[in-house]
Amino acid sequence: MRRNLFALLLLVLLLGGCATPLRGTGDLGLIIERADGSVLIVESTHQQTLARIEGLGDLSHASVVYSRDERYAYVFGRDGALTKVDMLRQRIAGRVMQSGNSIGGAISQDGRLVAVANYQPGGVKVFDAETLELMADIPAAYGDGKYSKVVGLEDSTGNRFAFSLYDAGEIWVADLHDPRNPVIEKFRDIGRLPYDALVSMDGRHYIAGLFGEDGLALLDLWHPERGVQRILDNYGRGEQPLPVYKMPHLEGWALSEEHAFLPAIGRHELLIVDRRTWQEAGRIALHGQPVFAMARPDGRQIWINFAHPHNDTVQVIDTVKQQVIATLTPGKAILHMEFTPRGEHIWLSVRDEDRVDVYDTTTLKRIAELPARKPSGIFFTARAHRIGL
Amino acid sequence: MSRHLLLLLLGMAILASAMPLQANAEIDPARQGELLHLLRHDCGSCHGMTLKGGLGPALLPDTLAGKPAATLEATVLYGRAGTPMPPWRGLLTEAEVAWLVAILMKGVPDAP
């Protein structure tokens, strides 16, 4: 009897010791600490850091996607590692070294597959999201036995992934309905050196930016039979492009109902495109070479950061007025920006000042700062429910 | 005699400082720190923070071996047409570029 009581007491103590308060994950996120190979788990309701997780390898170019339950983060590291992070237990839940050098990845519509774009060896690998078991290996072979670096890997509807071959100038669409037997459709001669791409929020339009060409490549994934179309042809009007000290990232895909806003390459401009005709609808002069052009979730504002040597500045654009409404200088080396799920705040990583700033997007005032070591990408869990993020 | 020795020593010291450390001597330590930071974080955005390569090629001593320093310096200063490599002339001086190329060929000291 007494022994039973003791056992019960022990059980209660053990359970009590393990229990952490229940919480959701919808206001959580990760901040990449690029030089240390660590990530911070942050919470955006009270702007606080919950934990630092170390041992993720080389995160000098890293990005993150989330499982559909927003419990797990998949971190794509520069060194080819894919790391699964448990946002609630605040620890690494799985990790594979899947290539020698990778650039980013995407998660399938049904959340079961995580795909990674690799530079070395060039291609795409697809993993089971739960176990990280390799499901498909898609080498980016082209020409005479060569392999291309892969960029701009984006998820679309129907468990398809679209990606671009940097060296080959091709766009491939991989259908992974049957994950072990991907069906690949290849679009050739889409233009020279596609360097990044984006997919619209409805998963329909895949657009690849081209380096050294005045234009972008558009693929309508609802009508792949129409092939790849060149848009914004000759946007540079044949002028000599300015040097680009950091390649733009197109992932931010700034959209309003009528327009798309795209960073020009080699020009200090944001290009405005009519979404129905894909013709140029204007351009906005900027402070420098834009890197990210991120639309606030309601589409009313676009926040832009810049390449070296203008990377201490952020500009805010009003999409109705189509003009710059604010030029902010938050600090040295603004590498990334992330809106809270409904866009009332934006978080900015200030790499060279070891800090992340939080701004109110209405007052454009800084409301909080968090210490972080050489922060780069900021990724909130709300991305789990957005196609192409 | 001792004056000759002194002159000899002085001459050797001048020669030693003039040869391998020529670029070094022109760049003060604070600027060297800035250049290393630029190398890892800004060059690193294409070449990788650990210089193992990314969209741009690796910049490790092994991959650079056998390439003339002058060619590498010209690439940094004037960029490479038809590729994303931009010209750094205007942002970096020739002496700074020579110093960076020498460091790259030896291996960046704090590279892991």
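Since A:Val151 meets every condition but one in (1) farther than 15 Å from A:Ala115 by Cα; (2) within 14 Å of another protein chain (Cβ to nearest Cβ); (3) not in a loop (DSSP other than H, G, I, E, B), which condition does it not meet? Exception for A:Val151: condition (1). Against the numbered list (1) in contact (Cβ under 8 Å) with a residue 60 or more places away in the chain; (2) away from chain B (no Cβ under 14 Å); (3) of a type in the set (Asp, Glu), A:Asp36 comes up short only at (2). Considering the stretch A:326-362, the residues that are of a type outside the set (D, E, K, R), touching a helix residue (DSSP H, G or I) at 6+ places or on another chain (Cβ under 6 Å) and within 14 Å of another protein chain (Cβ to nearest Cβ) include one that is surrounded by the fewest Cβ atoms within 10 Å (Cβ to Cβ), namely A:Ala333.
For the stretch A:122-141, state whether one or more residues are under 17 Å from the mean Cα position of the chain (by Cα) and either more than 27 Å from A:Phe211 (Cβ to Cβ) or aromatic (Phe, Trp, Tyr) (or both). Within the stretch A:122-141, not a single residue is under 17 Å from the mean Cα position of the chain (by Cα) and either more than 27 Å from A:Phe211 (Cβ to Cβ) or aromatic (Phe, Trp, Tyr) (or both). Pairs linking a residue in the stretch B:87-101 that is in a loop (DSSP other than H, G, I, E, B) to a residue that is small (Gly, Ala, Ser), with Cβ atoms under 6 Å and 6 or more positions apart or on different chains, are B:Pro87/B:Gly79.
Summed over the stretch B:45-86, residues that are within 23 Å of A:Pro248 (Cβ to Cβ), under 12 Å from the mean Cα position of the chain (by Cα) and not in a loop (DSSP other than H, G, I, E, B) total 1.
Selection of the stretch A:87-114 for residues being surrounded by 17 or more Cβ atoms within 10 Å (Cβ to Cβ) and within 14 Å of another protein chain (Cβ to nearest Cβ) yields A:Ser99, A:Asn101, A:Ser102, A:Ile103, A:Gly104. Restricted to strands (runs of 3 or more DSSP E) entirely inside the stretch A:24-93, those with at least 2 residues that are over 23 Å from A:Ile334 (Cα atoms), at pLDDT 95 or above and under 18 Å from the mean Cα position of the chain (by Cα) are A:72-76, A:81-86. Close Cβ contacts (under 9 Å, 6 or more residues apart or on different chains) running from residues in the stretch A:73-86 that are touching a residue at least 60 places away in the same chain (Cβ under 8 Å) and away from chain B (no Cβ under 14 Å) to residues that are part of a strand (DSSP E or B) and among the hydrophobic types (A, V, I, L, M, F, W, C) comprise A:Ala73/A:Leu28; A:Ala73/A:Leu30; A:Ala73/A:Val39; A:Ala73/A:Ile41; A:Ala73/A:Val64; A:Ala73/A:Val65; A:Ala73/A:Val85; A:Ala73/A:Phe379.
The values are calculated or read from the model by the stated rules, or taken from the named source; none is laboratory data. Just so it is clear, the model here is predicted, and its values are computed rather than measured. No Cβ is skipped: glycine too gets one built from the backbone with ideal geometry, and neighbour counts run over all protein chains shown.
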